[in-house]
Ligand SMILES: [Zn+2]
Ligand SMILES: [Zn+2]
């Protein structure tokens, strides 16, 4: 499995893009940086987009990828839970743009597929298990198993309390978020995000339960706090005696 972190931040600029993963060129998880990162040729390879939740930094490029898909006469499958679908209907109606679920009439650019937490799905040959995490709006993380048995769990935006997730999965790779440095712990915990020390507790609970730690990659960093966050994560890695990698735009991970 080849994973590319197209966007690794929670604030967009010329140098930082919004959280998006691309698996083996065909499945994206979240859509903060699809059209802004991929060439038209790469966009045409995309078969499915899995959305973790409805926050704008995770769905931003849905209308633009839909438009390009309409122009290329292709269809992209979108997967999400019902609350995300409802929120998306604000931008997928006819008010802001054509309704890409019905346009072009003969071959709509988007096909929507509702999923349920805990219910496994087969998508493009990959086994996908959506698991609820702890964020300020309903959010699922995705455990993905490739056809050759490689496994990754991407949490989406989440704060502490993932013990239920850990009990259900044993991924080789964990991609999770750290949105701010330790001095913002109180605020970010309330909003359902990790800081380095909150992540440390969560990883310790994983190790206690499972007897190992997966490879850990961090995304959804706040660019303004990144240097501070990086230094604090280095301390966490040292304390846990386990490497923690900060993602960057275009980073490739091979499993
Ligand atoms: Zn969010
Ligand atoms: Zn976010």
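The values are calculated or read from the model by the stated rules, or taken from the named source; none is laboratory data. All of these numbers come straight from a predicted model, not from anything done at the bench. Because the Cβ atoms are built from the backbone with ideal geometry, glycine has one as well, and the counts that use them run over all protein chains shown.
Listed here are the residues, each with its yes/no results for (1) touching a helix residue (DSSP H, G or I) at 6+ places or on another chain (Cβ under 8 Å); (2) touching a residue at least 12 places away in the same chain (Cβ under 8 Å); (3) within 16 Å of ligand 2 (Cβ to nearest atom).
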residue	(1), (2), (3)
23	no, yes, no
32	yes, yes, yes
40	yes, yes, no
50	no, yes, yes
_Close pairs from the range 121-136: first more than 19 Å from residue 84 (Cβ to Cβ), partner part of a strand (DSSP E or B) and away from ligand 2 (no atom under 16 Å from the Cβ), Cβ under 7 Å, at least 6 apart_ = 124/27; 124/48; 126/27; 126/144; 126/145; 127/145
*Could you tell me whether residue 187 is touching a residue at least 60 places away in the same chain (Cβ under 8 Å) and under 18 Å from residue 11 (Cβ atoms)?*
no
*So, in the range 192-209, of the ones that are in contact with a strand residue (DSSP E or B) (Cβ under 8 Å, 6 or more places away or on another chain) and not in a helix (DSSP H, G or I), which residue ends up surrounded by the fewest Cβ atoms within 10 Å (Cβ to Cβ)?*
193
*Picking from 185, 177, which residue would you name as being touching a strand residue (DSSP E or B) at 6+ places or on another chain (Cβ under 9 Å) and either within 16 Å of ligand 1 (Cβ to nearest atom) or farther than 29 Å from residue 118 by Cβ (or both)?*
177
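Out of curiosity, is residue 139 more than 16 Å from ligand 2 (Cβ to nearest atom), surrounded by 15 or more Cβ atoms within 10 Å (Cβ to Cβ), modelled with pLDDT of 95 or more and at negative phi?
Working: more than 16 Å from ligand 2 (Cβ to nearest atom): no; surrounded by 15 or more Cβ atoms within 10 Å (Cβ to Cβ): yes; modelled with pLDDT of 95 or more: yes; at negative phi: yes.
It is false that residue 139 is more than 16 Å from ligand 2 (Cβ to nearest atom), surrounded by 15 or more Cβ atoms within 10 Å (Cβ to Cβ), modelled with pLDDT of 95 or more and at negative phi.
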*Hey, among 236, 216, which residue is in contact with a strand residue (DSSP E or B) (Cβ under 9 Å, 6 or more places away or on another chain) and assigned to a helix (DSSP H, G or I)?*
236
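Taking the range 239-255, which residues are in a loop (DSSP other than H, G, I, E, B), in contact (Cβ under 8 Å) with a residue 24 or more places away in the chain and exposed (fewer than 15 other Cβ atoms within 10 Å of the Cβ)? Please lay out each step first, then the result.
Kept after step one, since they are in a loop (DSSP other than H, G, I, E, B), are these residues of the range 239-255: 241-243, 247-250, 255.
Now drop any that are not in contact (Cβ under 8 Å) with a residue 24 or more places away in the chain, which leaves 242-243, 247-250, 255.
Of everything in the range 239-255, those that are in a loop (DSSP other than H, G, I, E, B), in contact (Cβ under 8 Å) with a residue 24 or more places away in the chain and exposed (fewer than 15 other Cβ atoms within 10 Å of the Cβ) turn out to be 243, 250.
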*asked:* Residue under question is residue 91, and the condition is that it be in a helix (DSSP H, G or I), more than 16 Å from ligand 2 (Cβ to nearest atom) and within 23 Å of residue 251 (Cα to Cα); does it hold?
replied: no
*Only one residue in 203, 255 is modelled with pLDDT of 95 or more, in contact with a helix residue (DSSP H, G or I) (Cβ under 7 Å, 6 or more places away or on another chain) and more than 16 Å from ligand 1 (Cβ to nearest atom). Which one?*
203
*Kindly check whether there is at least one residue in the range 149-157 that is in contact (Cβ under 8 Å) with a residue 24 or more places away in the chain, over 22 Å from residue 55 (Cβ atoms), more than 16 Å from ligand 2 (Cβ to nearest atom) and part of a loop (DSSP other than H, G, I, E, B).*
yes
*Please go through the range 110-122 and pick out each residue that is under 16 Å from the mean Cα position of the chain (by Cα) and either more than 18 Å from residue 162 (Cα to Cα) or within 16 Å of ligand 1 (Cβ to nearest atom) (or both).*
115
_Residues (within 15 Å of ligand 2 (Cβ to nearest atom) and in a loop (DSSP other than H, G, I, E, B)) located in the range 59-75_ = 60, 61
*Could you check residue 96 against (1) out of contact with any strand residue (DSSP E or B) (no Cβ under 7 Å at 6 or more places or on another chain); (2) under 22 Å from residue 142 (Cβ atoms); (3) surrounded by fewer than 18 Cβ atoms within 10 Å (Cβ to Cβ) and say which number it fails?*
(2)
